[in-house]
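The values are calculated or read from the model by the stated rules, or taken from the named source; none is laboratory data. These figures come from a predicted structure and were not determined experimentally. For neighbour counting, all protein chains shown are included, and Cβ atoms are generated from backbone atoms with ideal geometry for every residue, glycine included. Accessible surface areas use protein heavy atoms only, side chains included; no ligands, DNA or RNA. Shrake-Rupley method; radii C 1.70, N 1.55, O 1.52, S 1.80 Å.
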Amino acid sequence: RAALLAAAAALAGSETKSARAQGGPVVIKFSHVVAPDTPKGNGAQRFKELAEERTKGRVKVDVYPNSQLYKDKEEMEALQLGSVQMLAPSLAKFGPLGVKEYEVFDLPFIFKDQAAFRAVTEGPVGADLFHKLEAKGIRGMAYWDNGFHIMSANRPLHHVADFRGLKMRIQSSKVLDAQMRALGAIPQVMAFSELYQGLQSGVVDGTEGVPSNFWTQKIYEVQKHMTLSYHGHLAYAVIVNKKFWDGLPEDIRTILDGCVKDATTYANALAATENAMALEKIRASGKTTVYTPTADEINEWKKALMPVHQEMVSRVGQPTIDAVYKAAG
Ligand code: LMR
């Protein structure tokens, strides 16, 4: 399998070169799983516009939203094989690649606010984690923030006991698995593209997610109750096939680095407002109740969930957890 990946990666590099030799533009396929009108969807679109404009057509970016091309797990493999060049998966989806340290970002209540998250990703922890991707044939370019998770089900979720026996959809993260178990729920990994159907058909009873995704995937149509717990954080890593990247001319790489930087500022600025707007639209739909937990209820959740940090030391590693605590303050 490693040999196959290496061969495909070499091919990805040589394809780039031959396209250039023939005078055509370099094509970057950027695949993602969410709707176009989300912070990530808009960030990808902004990157496309900037890249095409600033390279004066030497680079063409084709954005494929909504899991059109690949679902969660497949898109990681497609990137390594060079079938697509760019992705922005959530940090909860890097465990299956073998880089378990990324799951530190899924620890419940680890960031008190967005600034704490940024302090971590913009400092040495963010850089170290990108470094770990290189052995997988991937180059990390930027972190995009998408705010905090809320919980949903067809029953009110106020107390920890309300989760007992519920099948909860999670992303492919062992920390999220432990989190749901700590609440007494039964976690089930499911691709994002299957979530609506999974909830509608009752394969799963509930989920966690951010309002922009709950709105654009119409989750409010199939979940009667949402709780604004903000217990976990959702963020993405913008990543590129390393061999492809290394095969690009230096001036193009410099321009594209600048485009990612500017698209990052744009996407990060959008996250808070788009999620707030989505929540308003969900409330206005009248199809679901949106519950704000009391301070006592949040303390109850914290009491059940904080032991997950200790439990996950063997998975994520104490040095990574300590470095995140320190940077997040
Ligand atoms: C999820 O699978 O719930 C999210 O990672 C989807 C996304 O990319 O926002």
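Just one of (1) within 16 Å of the ligand (Cβ to nearest atom); (2) in a helix (DSSP H, G or I); (3) open to solvent by less than 10 Å² (accessible area, probe 1.4 Å) trips up Gly126, so point out which.
Of the numbered conditions (1) within 16 Å of the ligand (Cβ to nearest atom); (2) in a helix (DSSP H, G or I); (3) open to solvent by less than 10 Å² (accessible area, probe 1.4 Å), the odd one out for Gly126 is (1).
Name the pairs whose Cβ atoms lie under 8 Å apart, with the first residue in the range 194-222 and modelled with pLDDT of 95 or more and away from the ligand (no atom under 14 Å from the Cβ), the second assigned to a loop (DSSP other than H, G, I, E, B) and open to solvent by less than 50 Å² (accessible area, probe 1.4 Å), and 6 or more positions between them or separate chains?
Partner pairs satisfying both residue conditions: Gln200/Val222; Val203/Met190; Asp205/Leu166; Tyr220/Thr288.
Please enumerate the residues belonging to the range 84-102 that are surrounded by 23 or more Cβ atoms within 10 Å (Cβ to Cβ), under 17 Å from Ala235 (Cβ atoms) and more than 9 Å from the ligand (Cβ to nearest atom).
Met86, Leu87, Phe94, Tyr102
Of everything in the range 239-249 that's out of contact with any Leu (no Cβ under 8 Å at 6 or more places or on another chain) and part of a loop (DSSP other than H, G, I, E, B), which residue is surrounded by the fewest Cβ atoms within 10 Å (Cβ to Cβ)?
Checking each candidate, the answer is Pro249.
The rows are residues; the columns are (1) away from the ligand (no atom under 16 Å from the Cβ); (2) free of Cβ contacts under 8 Å to residues at least 40 places away in the same chain; (3) touching a Ser or Thr at 6+ places or on another chain (Cβ under 8 Å); (4) open to solvent by 10 Å² or more (accessible area, probe 1.4 Å).
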position: Phe30; (1), (2), (3), (4): no, no, no, no
position: Pro36; (1), (2), (3), (4): no, yes, no, yes
position: Ala44; (1), (2), (3), (4): no, no, no, no
position: Glu49; (1), (2), (3), (4): yes, yes, no, yes
position: Asp62; (1), (2), (3), (4): yes, yes, no, yes
position: Tyr70; (1), (2), (3), (4): no, yes, yes, yes
position: Lys73; (1), (2), (3), (4): no, no, yes, yes
position: Met76; (1), (2), (3), (4): no, yes, no, yes
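Evaluate the following for Arg181: is it of a type in the set (Lys, Arg), open to solvent by 30 Å² or more (accessible area, probe 1.4 Å) and modelled with pLDDT of 95 or more?
On the way: of a type in the set (Lys, Arg): yes; open to solvent by 30 Å² or more (accessible area, probe 1.4 Å): yes; modelled with pLDDT of 95 or more: yes.
Spelling it out, Arg181 is indeed of a type in the set (Lys, Arg), open to solvent by 30 Å² or more (accessible area, probe 1.4 Å) and modelled with pLDDT of 95 or more.
Take the range 307-329 and flag every residue that is over 18 Å from Leu176 (Cα atoms) and open to solvent by less than 70 Å² (accessible area, probe 1.4 Å).
Ala323, Ala327, Ala328
Does Ala304 count as among the small types (Gly, Ala, Ser), under 24 Å from Leu87 (Cα atoms), touching a residue at least 40 places away in the same chain (Cβ under 8 Å) and open to solvent by 20 Å² or more (accessible area, probe 1.4 Å)?
no
Within the range 223-238, work out how many residues are farther than 24 Å from Ala284 by Cβ and either outside any strand (DSSP E or B) or more than 13 Å from the ligand (Cβ to nearest atom) (or both). Write out each step before concluding.
First, the residues of the range 223-238 that are farther than 24 Å from Ala284 by Cβ: 231-233, 235-238.
Imposing the further condition that a residue be either outside any strand (DSSP E or B) or more than 13 Å from the ligand (Cβ to nearest atom) (or both) reduces the set to 231-232.
Total meeting the criteria: 2.
Residue check: is Gln80 more than 13 Å from the ligand (Cβ to nearest atom), in contact with a Phe, Trp or Tyr (Cβ under 6 Å, 6 or more places away or on another chain) and at pLDDT 95 or above?
Answer is no for this residue.
Of the conditions (1) within 16 Å of the ligand (Cβ to nearest atom); (2) in contact (Cβ under 8 Å) with a residue 60 or more places away in the chain; (3) in contact with a strand residue (DSSP E or B) (Cβ under 6 Å, 6 or more places away or on another chain), Ser173 fails just one. Which one is it?
Unmet condition: (3).
With respect to the numbered conditions (1) modelled with pLDDT of 95 or more; (2) part of a helix (DSSP H, G or I), which one is the sole condition not fulfilled by Ala272?
Only one criterion in (1) modelled with pLDDT of 95 or more; (2) part of a helix (DSSP H, G or I) is unmet by Ala272, namely (1).
Among what's in the range 200-213 and is in a helix (DSSP H, G or I) and out of contact with any Ser or Thr (no Cβ under 7 Å at 6 or more places or on another chain), pick the residue that is least open to solvent (accessible area, probe 1.4 Å).
So the first thing to find is which residues in the range 200-213 are in a helix (DSSP H, G or I), and the list is 200-201, 211-213.
When the remaining residues are screened for being out of contact with any Ser or Thr (no Cβ under 7 Å at 6 or more places or on another chain), the result is 200-201, 211.
Working: Gln200: 107, Ser201: 76, Pro211: 5 Å².
Checking each candidate, the answer is Pro211.
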